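Everything on this sheet refers to the single structure shown next.
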Amino acid sequence: MLSRTAENLYWTGRYMERAENLSRLLDVSFRAALLPAADANPAADWQSALDILGITDAYKAKHGGINQDSVIVFLTLDTSHPYSIKSCIDQSRENARTLRATLSVELWESLNTTWLEMKNISRQSLLERGPRSVFDWVKERSHLFRGVAYSTLLHNDAFHFLRLGTHLERADNTSRLLQAKDRSLGALPPEGGTAYYQWGAVLRSVSAFRAYTQIYRDVIEPVRVAELLILKAEMPRSLRFCFDQITNALDALSQGRDLECRRLAGEMQAKLRYSRIEHLESQGVGDFLSVILNRLNGLGVQIGRDFLMTV
Amino acid sequence: MDAFDEMRGPKGMVAAAYQAIAEWLYATPPDLLDDKRREAEILFRRIGITFNVYGEDAGAERLIPFDIIPRALGPSEWAKLSKGLEQRVRALDAFLSDIYHEQEILKAGKIPVGKVLNNDLYRPEMQGIEVPGGVYVQVAGIDVVRTDPDHFFVLEDNLRTPSGVSYMLEDRAVMMRLFPDLFAKAKVAPIDHYPHELLRTLRSVAPAHAGGDPVVALLTPGPYNSAYFEHAFLAEEMGIELVEGQDLFVQDDAVFMRTTMGPKRVDVIYRRLDDEFIDPLAFHPDSMLGVPGLLSVYRKGGVTLANALGTGVADDKSVYPYVPEMVRFYLGEEPILQNVPTWLLERPDDLAYALDHLSELVVKETQGSGGYGMLVGPKASKQEIEDFRAKIKANPQGYIAQPTLALSTCPTFTDEGIAPRHVDLRPFILHGKHSISIVPGGLTRVALRKGSLVVNSSQGGGTKDTWILEE
């Protein structure tokens with residue numbers, strides 16, 4: 001496969017996943033901001049969303065103070081920066097535009113339709129229709145994208161590069177979300193509705209609320225949430241799941257070559273596979289996630305070296 | 001000017017080829033046609049068949065209007081037309097081979113030497129070079145028009161990087177989806193195999209070293225090119241890589257693609273990039289589109305370019321008047337298809353005539369394309385004519401003039417209902433090492449504005465599905 005094609009596939013997958021993650025992040029912030037006033041600090045919830053993405057300064061330069069509608073519009077429709085849902089969908093489609101010969105017709109049409117419909121969403125329609133219905137729509141389009149990819153693309157290099165981008169992005173997002181919530185919610189008293197509601201919102205935002213209750217059959221405890229989202233192989237948005245997917249894709253792509261990126265990914269996968277949450281907790285979950293984020297970055301760079309700059 | 005209508009014919013009788021279409025138009029309520037027209041537009045937009053218009057925002061995407069009423073040709077009309085096209089392409093290819101080798105036609109005085117050798121599109125780099133398979137023009141798009149039931153005229157030859165074939169294919173696909181019943185009634189020859197024929201043609205002209213399984217790639221200028229959709233479409237249909245200049249590099253007299261598994265050698269490049277952009281070392285040093293060193297590999301026979309370099313000299317509008325002579329000279333045959341009478345404005349007599357009759361003539365730039373830089377006398381304002389007169393006087397050899405032909409019309413869906421509109425036709429001719437093949441069809445372009453004779457998509461033209469009916 002052409003290196004440029006591989007790169008475009010990787011970013012098509014990454015940006016679509018990022019669009020989905022942004023709507024999940026907005027959704028959890030929205031839920032958190034709905035708490036009764038005595039317990040809530042909506043500005044802090046929205047601030048935290050901007051912090052997770054590292055774009056608080058860009059936001060403040062444009063809008064000044066934190067305001068729910070402004071943050072929602074900024075992270076959904078504002079294409080003056082790369083971290084809005086619309087920017088991500090633009091980028092995903094722009095990368096896919098050069099892949100017309102590689103993608104299935106259905107996959108291109110699905111992505112192109114998402115892009116066309118996104119163009120029709122205005123500030124007014126976003127706020128009037130209710131932002132959460134837009135976030136749900138983005139999630140659905142992203143699910144559709146993956147489903148169509150899964151069932152119409154040849155499961156060859158194209159599929160694997162798409163999958164690689166998707167799961168690197170997802171691992172990155174899950175790490176950031178968990179790290180931020182660990183920091184902001186860690187101090188809450190475990191008993192009482194607020195902690196339950198906040199961690200519940202985190203779980204719901206990664207479609208894990210029901211999974212949690214099924215696996216643990218217990219009240220929501222931060223350490224179990226961390227376990228579920230870091231170590232559980234069967235949880236599709238956990239780091240472990242993402243790394244199983246990443247190593248699997250890299251195995252298929254390296255075709256017997258001994259590549260550094262495969263070694264890096266394998267090392268991380270082993271760590272996720274053989275760690276216990278008690279151990280990570282004593283080390284500090286936040287620190288562990290910092291290491292993961294760092295490594296993810298390095299892995300992305302190494303994938304570029306091994307596949308995209310081969311000559 | 002009373003134009004020949006292809007459906008109604010000169011006597012107002014529905015032509016045999018249009019029988020099914022006429023019945024369908026008669027039986028279908030206008031509202032339903034309008035619904036279908038809208039549906040077609042949604043389909044085209046969803047597939048993403050758009051083109052970029054030069055001069056608008058970079059990346060601005062527009063749909064080429066699609067007219068849902070097909071254009072039809074009967075079996076005998078097509079038989080004659082396709083024979084004529086094949087003959088013309090043989091002669092043009094022989095001409096290219098000749099002028100880049102012995103130049104017999106120039107020695108025989110059939111074409112003025114300067115017309116060829118001083119032409120900007122003549123490539124001295126190609127002199128004496130053997131091209132793989134001996135073929136210069138693997139893909140030709142020849143624009144033809146009709147003026148009456150019996151005559152096709154060639155308007156121009158496109159021998160460099162002719163485009164439009166994706167519209168031919170997608171128009172058919174959309175038409176079959178919208179009106180399956182119609183296809184059940186009419187025996188329309190299939191055209192879906194065009195990409196397959198194209199790939200076969202390209203593989204047939206691979207260099208000898210490639211062996212039985214040559215690697216073919218399509219070289220595009222990139223997503224901002226007006227025909228990018230078509231490049232992607234064809235690469236996809238043929239299952240070959242769609243490459244940009246940055247994906248290729250030259251090493252040891254060979255061309256390679258950069259792949260995730262390392263370098264991979266390319267044998268045939270179907271390039272949709274103009275001559276002067278293929279190699280920055282040889283032509284524009286600042287162009288990022290081409291591949292440094294490609295020309296040198298090509299000249300040594302390490303890779304095939306399709307079409308060959310330097311084919312533009314044969315489709316230049318100032319060489320066009322000599323094509324019938326090429327047919328006689330190389331093939332010893334009389335041309336089956338006629339040229340439109342053409343005045344070369346570099347000739348003082350022709351110039352004087354043209355300047356006196358600008359309001360009746362069509363004037364074109366010899367090296368222009370896409371309907372840019374052209375004057376349609378009968379439709380032009382006084383001011384436009386005067387402006388053009390000044391341009392011609394300043395550079396007479398840059399222009400040719402032709403009579404304004406009464407292009408045939410076809411029924412077309414318009415704001416005022418179904419009405420006749422002028423059409424042309426671009427069939428695509430594939431020339432491989434051993435054979436010439438023409439998929440039965442072509443791109444019909446229609447001037448959607450009432451009375452307009454300009455069919456180019458950049459000038460408000462649309463397209464129609466083109467039916468060649470089987471016996």
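Counting other C-beta atoms within 10 Å, and keeping those with at most 14, which DSSP coil GluC sites (Glu not before Pro) do you find in the stretch B:101-170?
B:E102, B:E130
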- Note on the structure: Quarter of the surface of the C-alpha convex hull for the stretch B:272-329, i.e. direction-averaged projected area in nm², equals 5.1
- Task: Give, rounded to the nearest 20 debye, the magnitude of the charge dipole that the stretch B:343-403 has about its Cα centre when Lys and Arg contribute +1 at Cβ and Asp and Glu contribute -1 at Cβ.
- Result: 120
- Message: If you filter the stretch B:93-202 for trypsin sites (Lys or Arg not before Pro), then keep DSSP loop positions with at most 16 other Cβ within 10 Å, what is left?
- Response: B:K110, B:K187
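Can you tell me the length gained on complete extension of the stretch B:E41 to B:Q103, counting 0.36 nm per residue apart and subtracting the Cα distance?
Working: separation 62, 0.36 × 62 = 22.32 nm, distance 5.02 nm.
17.3 nm is the gain from fully extending B:E41 to B:Q103.
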- Two decimals is fine: what's Rg over Rh for the stretch A:238-289, C-alpha atoms, Kirkwood radius as Rh? 1.07
- Query: What is the magnitude of the charge dipole of the protein assembly as shown about its Cα centre, with +1 placed on the Cβ of each Lys and Arg, -1 on the Cβ of each Asp and Glu, and no other charges, expressed in debye to the nearest 20?
  - Reply: 1520
- Item | Simple Cβ-charge dipole of chain B, Lys/Arg +1 and Asp/Glu -1, about Cα centre, in debye nearest 20 | 260
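Where does the longest stretch of chain A lie that holds no GluC sites (Glu not before Pro) found in a DSSP loop with 12 or fewer other Cβ atoms within 10 Å?
Numbers: sites that count: A:E191, A:E234.
After excluding every exposed loop site, the longest remaining stretch is A:1-190.
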- Roughly how many Å is it from the Cα centre of the stretch B:387-465 to that of the stretch B:339-359, as a whole number? 21
- For chain A, which span is the longest to avoid every loop-located (per DSSP) member of trypsin sites (Lys or Arg not before Pro) having at most 16 other Cβ atoms inside 10 Å? A:1-216
- Message: So if I take the centroid of the Cα atoms in the stretch A:105-159 and the same for the stretch A:177-204, what is the distance between those two points in Å?
- Response: 30
- Note on the structure: Each label sits 7 Å from Cα toward the beta-carbon; between B:Q127 and B:A352 the label points are separated, in nm, by 3.7
- Task: Note the per residue figure in Å³ for the convex hull of the C-alpha positions in the protein assembly as shown.
- Result: 193
- Item | Selection from B:A108, B:G74, B:Q397 lying farthest towards where the dipole of chain B points positive, charges on Cβ | B:G74
- Note on the structure: A correct Karplus calculation of ³J(HN,Hα) over the stretch B:68-78, with 6.51 cos²θ - 1.76 cosθ + 1.60, θ = phi - 60°, whole Hz and x for Gly and Pro, returns 7, 8, x, 10, 10, 10, x, x, 6, 4, 5
- Can you find, among B:A186, B:M176, A:Y15, the residue farthest towards the positive end of the dipole of the protein assembly as shown? Put +1 on the C-beta of Lys and Arg, -1 on that of Asp and Glu. A:Y15
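Readers should treat all values here as calculations from the given coordinates under stated rules, not as data from a laboratory. Quick caveat, the model's predicted, so the values are computed rather than measured. Cβ: placed from backbone, ideal geometry, glycine included. Neighbour counts: every protein chain shown.
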